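Working notes for the structure below.
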Amino acid sequence: MKIARVRPHLLSLPLPRPVKTSAHDIRTVDTVLVEMEADGGAVGTGYCFAFGPHRAQALHALVEDLLPLYQGQDAAAPRAHFERAWRSINFLGHAGLAVMALAALDTACWDLAAQGAGLPLYKFLGGGRDRIPTYASSGLWLDYSIDELLLEARRFLSQGHTAMKMRLGRSPGEDVERVRRLREALGPDVKLLADVNQGWDEATAIRVGRALEPYNLYWLEEPLPYEDLEGCARVAAALTMPIATGETDYGSLGMRRHLEVRAADILMPDLQRMGGVSEFMKAAALCDAFHAPVSSHLFMEASCHLLAAAPNGLILEHMDWWQELFQEPLQLKEGQVILPEKPGIGLGVNRKALERFRA
């Protein structure tokens, strides 16, 4: 099976309402979706994104620059193509937009290779789990009132979620009160996660973290700027609740830096900052060698397969921003995503959505 052609689509997906975190004010997700078509007609998909149309145009240009490394090649050899592309971006560096652009191509190639084998991606990668725990992440934003938090939490429960993530980064007193109110409303059995989006300094993280510990958070995510590994390690050592981080670093070497200083209890490799499936699975294996569990960051359509294939895969971030791009939504049952059993990623592209969101 040869890769006959690669088609990148530049898209802009409006969010249902603006998203506010301690670091972001987001209205659209500007996306490059890649379709990688084999000579027999099978199509693999992957995507990367940025916040801002000009940045997405830069991603699109880099995808176009890399796609000749895939066209005409054997679709069953995604890792070999990744290694060649990884070497080709050496001058640009193994971080930033070039790695993100490569992720869309690498993911599409793994999707296509799994289709060629007639297996869902998680089985093609050697996984045996047909479902993975997940948490609702597309809500409970920083600018919500407490009433809005409680209303959305009830909506997530009605959808079948048994875990959900809120954002922190207002004043310390407000953050603690919002966690308290949400925990009281949810009860002890629903997993509640909290994401600071790198909004605190070390002293604040330890002080507020200790005040949050009575509320049994599943984890506290990115309390410090991502590059402050030593500070994050001190926060993790000072608190009894788990610390999660890693989504903003690049490649398996980025994960190794976190592991070596014990920056967190749970590592969160991001599919596009890893450069795609090839490097994500390498990062997950490295974390496993350090006895560290991994979660995912966004890209739930592919990430569910990767976590199901990783023995240390813990929980999937359920973020529905890109759901309309696919023919079928992921199925949720009792707080777990059911892995698609069709070959590859198994969701298919919604062609009408491609036209509707074309930039």
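The values are calculated or read from the model by the stated rules, or taken from the named source; none is laboratory data. This structure is a prediction, so every number in the text was calculated from the model and none was measured. Positions of Cβ are backbone-derived with ideal geometry, glycine not excepted, and every protein chain shown enters the neighbour counts.
A few remarks follow.
- The condition of being modelled with pLDDT of 95 or more, in contact with a Gly (Cβ under 8 Å, 6 or more places away or on another chain) and either in a strand (DSSP E or B) or within 20 Å of Phe280 (Cα to Cα) (or both) does not hold for His81.
- Single unsatisfied condition, Gly46 versus (1) surrounded by fewer than 19 Cβ atoms within 10 Å (Cβ to Cβ); (2) closer than 22 Å to Ser303 by Cβ: (1)
- The lone exception for Thr28 - which of (1) farther than 21 Å from Met274 by Cβ; (2) assigned to a helix (DSSP H, G or I) it fails: (2)
Table: residues versus (1) touching a helix residue (DSSP H, G or I) at 6+ places or on another chain (Cβ under 6 Å); (2) on the phi > 0 side of the Ramachandran plot; (3) part of a loop (DSSP other than H, G, I, E, B); (4) surrounded by fewer than 20 Cβ atoms within 10 Å (Cβ to Cβ).
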residue: Asn90; (1), (2), (3), (4): no, no, yes, yes
residue: Tyr135; (1), (2), (3), (4): no, no, no, no
residue: Leu150; (1), (2), (3), (4): yes, no, no, yes
residue: Arg154; (1), (2), (3), (4): no, no, no, yes
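- Among the residues making up the stretch 99-130, those that are over 18 Å from Gly44 (Cβ atoms) and either basic (Lys, Arg) or surrounded by 24 or more Cβ atoms within 10 Å (Cβ to Cβ) (or both) are Val99, Arg129.
- Any hit, the stretch 316-330, residues being touching a residue at least 40 places away in the same chain (Cβ under 8 Å), assigned to a loop (DSSP other than H, G, I, E, B) and of a type in the set (Asp, Glu): yes
A quick yes/no check of all residues on (1) surrounded by fewer than 24 Cβ atoms within 10 Å (Cβ to Cβ); (2) among the hydrophobic types (A, V, I, L, M, F, W, C); (3) under 28 Å from Arg84 (Cα atoms):
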{"position": "Ala292", "(1), (2), (3)": "yes, yes, no"}
{"position": "Leu298", "(1), (2), (3)": "yes, yes, yes"}
{"position": "Ala302", "(1), (2), (3)": "no, yes, yes"}
{"position": "His305", "(1), (2), (3)": "no, no, yes"}
{"position": "Gln327", "(1), (2), (3)": "yes, no, no"}
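- Some residue of the stretch 285-293 being touching a residue at least 40 places away in the same chain (Cβ under 8 Å) and farther than 18 Å from Arg79 by Cβ: no
- Annotation note: of His54, His60, the sole residue that is part of a helix (DSSP H, G or I), farther than 28 Å from Lys282 by Cβ and out of contact with any Ser or Thr (no Cβ under 8 Å at 6 or more places or on another chain) is His54.
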